[in-house]
Amino acid sequence: MGQNLHLRIKGENDAENRVLDSLNYRKQHGNYASITSEVDSLQNRLYKMGYIENELTHINRINDSVFSAKFFLKKKYSTLYIYYDKSVVDSKVLASVSKKISDAYFILEFSKVENALNYINSKISEKGLPFSKLRLSNIEIKEASNVSANLVLESNEQKRIVNNIIIKGYDKFPRSYLKYYLKIKPKQTFNLNVIKNKTQQLNNLKFASEAKPPEVLFSKDSTSLYLYLKKVKSNAFDGFLGFGTNEDTNKLEFNGFINLNLTNNLNYGESFKLLYKSDENDQKTFETNLTLPYLFKSPIGMDLQLRIFKRDSSFTTVNQSAKLHYQINPQHKIYTGILSTQSNNLLNESTTLSILDYKTTYYSLAYQYIKSQINNPLFPVNTTLYFESDFGKRIQLEQPEKQSLLSMDGFKIFNLNLKNSVYFRVNSATLNSKTYFENELLRFGGINSIRGFEENSIYASLFGLINTEYRYQLNNAMYIHSITDVAYFENKISNIKEKLYGFGFGFGILTKSGLLKFNYANGKTENTQFKLSNSKIHLSLTANF
């Protein structure tokens with residue numbers, strides 16, 4: 001066992017004693033080496049406080065267990081004038097650490113010098129000099145309570161750039177994502193902290209993730225960056241089965257859909273979606289989407305869509321669109337493109353005046369924002385926002401009419417703590433036109449809009465809806481939630497303005513097959529009473545493979 005030694009440190013007077021006592025130095029030690037180390041550490045702290053002339057006069061042994069050290073603090077200097085070379089340090093960097101900057105020097109309080117120099121050195125390292133060091137030289141007492149010094153950069157290396165990027169674990173990872181998604185490429189100035197922040201964005205991709213942080217191999221004249229990636233199962237099959245009571249026949253009716261999403265099967269980052277939906281109102285939807293990112297190794301991608309909708313024997317509508325997109329960064333994306341629609345009346349023309357043959361051509365601008373929360377397998381996406389504006393014209397019997405379509409869809413999860421969260425979604429759209437046809441109106445209702453209503457049963461020229469859920473996570477694989485939905489819509493053909501409400505509950509279970517969801521919701525209009533017969537039960541399963 002070591003000795004129990006006691007250290008006392010004193011100054012020249014009571015004022016100096018108060019300064020020394022305020023430093024809370026360690027008084028109990030096991031040996032003499034520990035005592036001298038503590039005295040050296042305290043002296044360095046005094047230098048940083050501005051007592052640059054302090055002297056250790058002695059360390060004396062009072063008796064077998066007590067040692068006494070005495071300091072002469074002398075004068076305390078408050079500020080340091082640091083002279084710098086503008087070719088070495090950018091004045092914009094200095095503005096982050098000092099409020100008083102000239103072309104020749106900047107001023108710091110002594111207590112902030114160490115942190116300031118560390119910050120400046122980190123910014124110099126980001127410019128491709130990872131082994132650079134800063135030091136102060138020619139330290140002189142200037143006047144009154146001020147001191148001056150020169151800022152010196154010690155670096156014997158050339159500016160470092162990334163010469164090679166080597167991918168381990170997922171050799172066929174699409175290289176275009178390095179250049180345009182992560183914005184990491186050869187000949188780029190080396191900055192490891194920036195690279196680490198960028199590679200974390202890989203976890204936002206559906207088909208790849210980071211296995212471990214990147215590593216760097218430095219040689220005399222090159223810098224090799226190693227990225228450790230792994231391929232993730234990204235194909236998904238989604239479907240649901242819904243059933244409810246028909247208000248007219250009081251019979252149980254079933255509806256549902258299948259949604260197939262194939263992603264990155266060609267190791268290109270491409271995505272193909274196929275949707276087929278059959279609603280309880282004898283409505284059928286067929287939709288395909290193809291996304292091709294980074295065409296010809298450029299930053300531009302393409303989105304193609306075909307959508308066919310048929311309502312019983314009334315009409316069919318075919319939508320086609322082609323868009324180009326540009327990924328600004330992993331969270332932001334913009335689109336532009338063209339959309340065309342053709343709708344045909346399947347009824348006898350004399351039967352209805354609100355369903356007519358027409359064609360439309362729209363030019364589109366859109367913006368998308370996605371923010372992930374990778375540590376939550378039940379809710380991997382925290383925030384999304386999609387806004388689209390379409391402008392063009394409709395032609396019916398060779399008569400053109402200007403139209404515009406604006407739509408927005410987004411949600412945000414507010415995490416109250418590890419188990420409790422609130423889901424908030426806003427979805428709205430408006431079709432602006434002088435006249436309206438029934439077969440061009442917006443359609444909503446059902447599990448993906450306002451719950452408690454039949455799928456696509458509500459036709460509107462304008463609608464806005466809010467979905468909210470209070471979620472309680474029982475564990476990492478199961479949660480329960482409430483359902484509170486509110487919607488407002490207008491139908492200018494029938495002059496309807498109405499509010500809708502949906503209330504219920506549900507749960508989700510993450511199984512080996514995928515995420516199983518159960519929703520029970522009851523819907524009502526503003527001036528009607530709740531009826532159990534109007535309740536809807538929805539089951540859905542999203543399986544990744």
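The values are calculated or read from the model by the stated rules, or taken from the named source; none is laboratory data. All of these numbers come straight from a predicted model, not from anything done at the bench. Ideal geometry is used to build each Cβ from the backbone, glycine not excepted, and the neighbour counts take in all protein chains shown.
Values for this structure:
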{"item": "Listing of strands (runs of 3 or more DSSP E) fully contained in the range 236-327 that carry 3 or more residues being modelled with pLDDT of 85 or more", "result": "252-263, 271-278, 283-292, 300-311, 315-327"}
{"item": "Residue satisfying all of: in the range 207-235; surrounded by fewer than 18 Cβ atoms within 10 Å (Cβ to Cβ) and part of a loop (DSSP other than H, G, I, E, B); nearest to the chain's Cα centre (by Cα) among these", "result": "V232"}
{"item": "First in the range 124-136 and at positive phi, second anywhere and not in a strand (DSSP E or B), Cβ under 7 Å, 6 or more apart", "result": "G128/K159; G128/R160; G128/F190"}
{"item": "Exclusive hit being part of a helix (DSSP H, G or I) and within 38 Å of the chain's Cα centre (by Cα), set Y177, Y170", "result": "Y177"}
{"item": "Filter pass, K74 being on the phi > 0 side of the Ramachandran plot and not small (G, A, S)", "result": "yes"}
{"item": "Residue list for the range 391-423, restricted to those being of a type in the set (A, V, I, L, M, F, W, C) and either within 17 Å of F463 (Cα to Cα) or crowded, with 17+ Cβ neighbours inside 10 Å (or both)", "result": "L405, L406, M408, F411, I413"}
{"item": "Filter result (aromatic (F, W, Y) and either farther than 19 Å from K76 by Cα or surrounded by fewer than 13 Cβ atoms within 10 Å (Cβ to Cβ) (or both)) within the range 98-121", "result": "Y105, F106, Y119"}
{"item": "Residue within the range 24-36 that is under 26 Å from V113 (Cα atoms), in contact (Cβ under 8 Å) with a residue 12 or more places away in the chain, in contact with a Lys or Arg (Cβ under 8 Å, 6 or more places away or on another chain) and not assigned by TED's automatic domain parsing to the domain that holds I141 present", "result": "no"}
{"item": "Any chance T336 is surrounded by fewer than 16 Cβ atoms within 10 Å (Cβ to Cβ) and under 25 Å from the mean Cα position of the chain (by Cα)", "result": "yes"}
